[in-house]
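The values are calculated or read from the model by the stated rules, or taken from the named source; none is laboratory data. Keep in mind that what you see is a predicted model, and the values were worked out from it rather than measured. All Cβ positions, glycine included, derive from the backbone under ideal geometry; neighbour counts span all protein chains shown. Surface accessibility is based on the protein's heavy atoms, side chains included, excluding ligands, DNA and RNA. Shrake-Rupley method; radii C 1.70, N 1.55, O 1.52, S 1.80 Å.
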Amino acid sequence: MDVLQTIGTSDLGIWQAAFAAVATSITVGIAFLRAPSRATLYWTYAFTLALVSTFGVIAAQIAENESGRVFSLGLLLGAPATLWSGFRAYRGVRAHIWVGPALALLIATILTLAADMSWFTTAYRVSFLLASLSGGLFLWEWSRMPNRADPVIWPFGVVSVLFVALGVVGALVGLTTRPIDEDFTVTRPLSALGMLIYIVAALIAILGLTVPRRAPTGSTPAIDADFDAFRAAAGARLERALPVSEVCSLLVIRVDDLPQLRTTLGGDQVGDLTARVVDTLRCTAGAGALVAPAAEGVAVALVARPEGATRDLLRRLLRAVGDLEVDSRLPVQLSASAGWCSTTVGGYDLDALVFIARGAAEVAQERGGDQWERADGTFIERLVTGLEAQ
């Protein structure tokens with residue numbers, strides 16, 4: 001206990017402000033801008049509220065303005081509820097984004113009115129209890145997430161449990177017995193230290209849920225077998241097309257936002273989605289096309305038709321993929337991107353056609369997805385130059 005009393009609350013406040021600033025910058029730059037959604041937007045709101053209110057506490061302390069300090073502190077206690085709204089949006093249900101700002105203003109008003117009153121200690125403990133319970137609502141969302149076993153969420157889950165326990169115990173002790181720490185010499189540094197840990201754990205969970213980690217290849221024995229059969233049939237088809245200079249096109253279809261889909265839906269449902277995309281491609285391309293899955297969320301096709309017909313095929317295919325019914329929890333609209341390489345550009349070697357079409361599909365995704373990219377001579381030159389530079 002003596003150690004806690006020796007902790008400088010001003011130093012902890014500065015660290016808290018620094019962490020809030022870093023968390024806000026990372027959430028905006030890495031989470032929201034890379035994966036814009038209602039969830040990442042609401043998480044940005046939460047960290048911004050924590051940042052502004054923390055600086056407000058520090059500025060009020062420097063100015064020796066107690067009313068301003070407790071008002072900013074009250075706003076800070078509303079940030080956990082805003083984080084909760086973000087997790088609800090991530091789960092694809094109504095976010096109730098108004099809860100966080102309303103709770104922040106309510107607590108800030110109560111603490112400001114009680115700043116010079118004898119019942120301030122009670123008001124603070126009740127306010128902290130409200131904040132802890134709103135933060136604890138994350139535990140309910142966590143239990144309903146399909147990816148709740150993801151280890152990146154566990155630190156925030158543990159911290160949320162401790163947050164709720166601290167709020168409940170503090171309120172019960174303060175309301176049933178005479179408060180030991182009436183001047184908050186221990187509570188202030190303990191709360192500031194707890195908020196530091198809470199911010200770090202929340203940031204880890206948010207980045208883990210939104211930033212694509214290294215995705216698995218998505219290869220399964222069934223996909224490998226289908227793709228091997230495709231390679232054999234497509235290779236034979238290109239050998240027959242070469243002597244008569246028949247124009248063929250290799251198409252690679254990639255589902256957009258695959259890491260986010262995998263996180264939201266789980267591996268089994270993404271596997272089912274891959275099969276549906278392959279079936280959609282097979283129906284759209286017609287009986288004369290060779291179609292197979294190449295990896296999780298990736299399909300390939302070899303078609304022999306004029307360029308105008310291939311363009312029409314790609315338009316109808318991307319529209320059909322976008323119309324597929326998927327889980328309502330998805331925070332984004334399902335879409336796909338396509339790469340197209342014809343034998344007039346890439347020749348009749350199957351491996352070369354697949355490689356070039358994959359690169360074209362990646363370019364289409366980098367440009368925002370839900371579109372197709374055709375490889376021409378300039379594109380192939382850039383692709384080869386990029387490989388030589390590696």
Estimated FRET transfer efficiency when R0 is 22 angstrom, pair I26-L193 (beta carbons, to 0.05): 0.60
How high is the FRET efficiency from A149 to W98, r the C-beta distance, R0 30 Å, rounded to 0.05? 0.45
Given points 7 Å out from each Cα along the Cα-Cβ axis, report the Q269 to L33 separation in nanometres with one decimal. 3.0
Where a label projected 7 Å from the Cα of E66 along Cα→Cβ would reach, residues of region 88-120 with amide N under 18 Å: 108-120
Roughly speaking, what is the stretch gain from T378 to W140, that is 0.36 nm per residue apart minus the C-alpha to C-alpha distance, in nm to one decimal? 80.4 nm
Once the principal axes of the Cα atoms of region 72-114 are found, what is the range along each, listed largest first in whole angstroms? 39, 12, 9
How long are the semi-axes of the equivalent ellipsoid of region 12-157, defined as square roots of 5 times the Cα gyration tensor eigenvalues? Whole Å, largest first. 28, 18, 12
Could you tell me which residue out of P80, A59, L113 lies farthest along the dipole of region 40-144 toward its positive end? Charges go on the beta carbon: Lys and Arg +1, Asp and Glu -1, centred on the Cα centre. P80
Accessible surface of region 77-158 [probe 1.4 Å, protein heavy atoms]: carbon and sulfur percent: 73
Can you give the accessible area per residue of region 228-369, in Å², using a 1.4 Å probe? 42
Using R₀ = 22 Å, calculate the FRET efficiency as 1/(1 + (r/R₀)^6) where r is the Cβ-Cβ separation of R315 and R367; round to 0.05. 0.85
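Quote to one decimal, in nm, the extra length available between A225 and V244 on full extension: 0.36 nm per residue of separation minus the C-alpha distance between them.
Values: separation 19, 0.36 × 19 = 6.84 nm, distance 3.00 nm.
Length gained between A225 and V244: 3.8 nm.
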